[in-house]
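The values are calculated or read from the model by the stated rules, or taken from the named source; none is laboratory data. A quick note: this is a predicted structure, and the numbers were derived from the prediction, not measured. Methodologically, a virtual Cβ is constructed for each residue, glycine included, from the backbone with ideal geometry; neighbour enumeration extends over all protein chains shown. All accessible areas refer to the heavy atoms of the entire protein, side chains included, with ligands and DNA or RNA removed. Shrake-Rupley method; radii C 1.70, N 1.55, O 1.52, S 1.80 Å.
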Amino acid sequence: MGNTLVKSQLYDVKVFLAKSILTIEDFLNETTIAEMNLENDEDRSYIKLIFSNLRKLVVYSAENFETCSIILQNEPFQKAAAEKTLYKIYHQCIEEFFSPKNDAWFEDSRSAYTGRNSIKFYRNVSESVVHLIKSLEGDFQRIREELEYYETDYRTKMIQTK
């Protein structure tokens, strides 16, 4: 891919990360587990798991946002660093959103064919959590589709250099 296209994608991803960070941080700063009126310890543990995953997403997104900013400021543009960063964002942010390692929720891949939201929770959660995830899902899906190229291309390059 040409430098211009990679630079443009890196900029778009940077804007996406900034928006995602702001949305998740606003939710985490304004929402407490105590106000969710959870009925039992299992529900409380589950919502803690969800909050933990959201905090992890913010950290990964913030780190990658900073990396994007640095790469975009550098002259000449470092295409290889940008591609590596986009690959890292795909794995740390996008895949973590759709399939968190801590199993806070899961992606129902069949939903993609129906046009419905694909993120499903293992237990009932508050409407505010459902609304947050739904509000994020469209942008995460769009960026996932844009970055899938780096998933295969970057791996191929790494294998070829060995």
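In this rough spin-label picture, where each label sits 7 Å from Cα along the Cβ direction, the Asn102-Glu66 distance is 2.1 nm. Give the label of the value calculated from the structure for Kirkwood radius over Cα pairs in Å, choosing from (i) 15.7; (ii) 16.3; (iii) 16.9. Derived directly from the coordinates: (iii).
Distance between the 7 Å Cα→Cβ label points at His91 and His131: 3.6 nm. Remark: the stretch 1-73 is approximated by an ellipsoid whose semi-axes, taken from the C-alpha gyration tensor as √(5λ), come to 35, 11, 9 Å, largest first. Straight-distance candidates among the lysines for linking to Lys79, with alpha-carbon spacing under 19 Å and chain neighbours fewer than 8 residues away dropped: Lys7, Lys14, Lys88, Lys157.
Each of the peptides 120-130, 42-52, 84-94 was scored by the mean count of other Cβ atoms within 10 Å over its residues; in descending order, highest first, they stand as 84-94, 42-52, 120-130. Extension gain for Asp139 to Asn3 (0.36 nm times residue separation, less C-alpha to C-alpha distance): 46.6 nm. For the pair Tyr149 and Val59 in one chain, pulling the backbone fully straight at 0.36 nm per residue adds 30.0 nm over the alpha carbon distance. A 1.4 Å probe run over the chain, with the rest of the protein chains in place, finds 58 Å² accessible per residue. Compared with the alpha-carbon gap, the fully stretched path from Val15 to Leu28 is longer by 2.7 nm at 0.36 nm per residue.
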